Amino acid sequence: MKIILLGAPGSGKGTQASLITEKYNLPHISTGEIFRENIKNQTPLGVKVKEVMDSGNLCPDDLTIEIVKDRLSKEDCKGGYMLDGFPRNLTQAKALDEFLAPDIVINIDVDIKKIEHRIVGRRSCSKCKGSFHTDFIGNTEICPDCGAKLVIRKDDNAQTVRERINVYQNQTSPLIDYYTAQNKLCSVNGNQEIDDVFSEIVKVLG
Ligand code: ADP
Ligand code: ZN
């Protein structure tokens, strides 16, 4: 099963991707997570993408496509993949179609007006990579899953969020039409609670 998760920033892609990969035993490939790891470890790639990522813009296509191809060539992707955050524009989608096309594209549909609140209240675990909202956790400093320190992602601030939403609307949302034309798109309502969104996804995946 080769799955793409599509959705605006803050739509809950990462959270749902983790649930899907656990249930269906697929590798969770998050380009955002790969870039963040590289920035944290100050690798040459991390140094290259830090500025553009902090500003809320997309990392260069050639770089991103190369990273994904490389990752998809690994042994654990033989049985499929769960791509989270890739493709993010038409160039990337076409490159993926040539390399290892998806079977299904799940579009998490969320009210664009709710995104800013979701992202600005987001806290990310420094260890297990879990993602939580301050509205739903008691202690906003400690991961409710593993007890490690929660951090605020550098691009999770009101200003950068607006840029990320722009990027999504201009570059990523055309992928909805692209995959609809291929008969691969399934939309789920992302304005619900985590478990309810996941139930819809499970229904779609069958
Ligand atoms: P979110 O979905 O909440 O915006 P991600 O972790 O998916 O978070 O992405 C964070 C940032 O990483 C993006 O704003 C962008 O700078 C970079 N990034 C992630 N995936 C891609 C991609 N496929 N192409 C280019 N840049 C990407
Ligand atoms: Zn944790």
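The values are calculated or read from the model by the stated rules, or taken from the named source; none is laboratory data. Everything numeric here is computed off the predicted structure, so don't read it as measured data. Please note: Cβ atoms are built from the backbone with ideal geometry, for glycine as well, and neighbour counts cover all protein chains shown. Just so you know, the surface numbers come from the protein's heavy atoms only, side chains and all, with ligands and any DNA or RNA stripped out. Shrake-Rupley method; radii C 1.70, N 1.55, O 1.52, S 1.80 Å.
Of all the criteria given as (1) within 16 Å of ligand 2 (Cβ to nearest atom); (2) under 12 Å from ILE119 (Cβ atoms), the one not satisfied by ALA148 is (2).
In this entry, ILE106 passes the filter for residues that are over 22 Å from ASN57 (Cβ atoms), surrounded by 14 or more Cβ atoms within 10 Å (Cβ to Cβ) and out of contact with any Lys or Arg (no Cβ under 8 Å at 6 or more places or on another chain).
Restricting to the stretch 146-158, count the residues that are away from ligand 1 (no atom under 13 Å from the Cβ) and modelled with pLDDT under 95. Count: 1.
Applying the selection to the stretch 40-84, what residues are in a loop (DSSP other than H, G, I, E, B) and of a type in the set (A, V, I, L, M, F, W, C)? Listed by number, the residues that qualify are LEU58, CYS59. Of all the listed residues (LYS23, LYS74, LYS113), the sole one being away from ligand 2 (no atom under 16 Å from the Cβ) and more than 22 Å from VAL188 (Cβ to Cβ) is LYS74. Entry remark, the stretch 86-95: residues being outside any helix (DSSP H, G or I), open to solvent by 10 Å² or more (accessible area, probe 1.4 Å) and of a type outside the set (D, E, K, R) number 1 in total. Summed over the stretch 17-46, residues that are farther than 24 Å from ALA158 by Cβ and either among the polar types (S, T, N, Q) or touching a residue at least 12 places away in the same chain (Cβ under 8 Å) (or both) total 18.
Restricting PHE86, PHE99 to residues that are aromatic (Phe, Trp, Tyr) and either closer than 25 Å to CYS125 by Cβ or within 9 Å of ligand 1 (Cβ to nearest atom) (or both) narrows the list to PHE86.
Just one of the numbered conditions (1) more than 14 Å from the chain's Cα centre (by Cα); (2) assigned to a helix (DSSP H, G or I); (3) surrounded by 14 or more Cβ atoms within 10 Å (Cβ to Cβ); (4) within 13 Å of ligand 1 (Cβ to nearest atom) is not true of GLU33: (1). So for the stretch 178-193 (the condition being farther than 22 Å from LEU26 by Cβ and crowded, with 16+ Cβ neighbours inside 10 Å), does at least one residue qualify? Scanning the stretch 178-193 turns up at least one residue that is farther than 22 Å from LEU26 by Cβ and crowded, with 16+ Cβ neighbours inside 10 Å.
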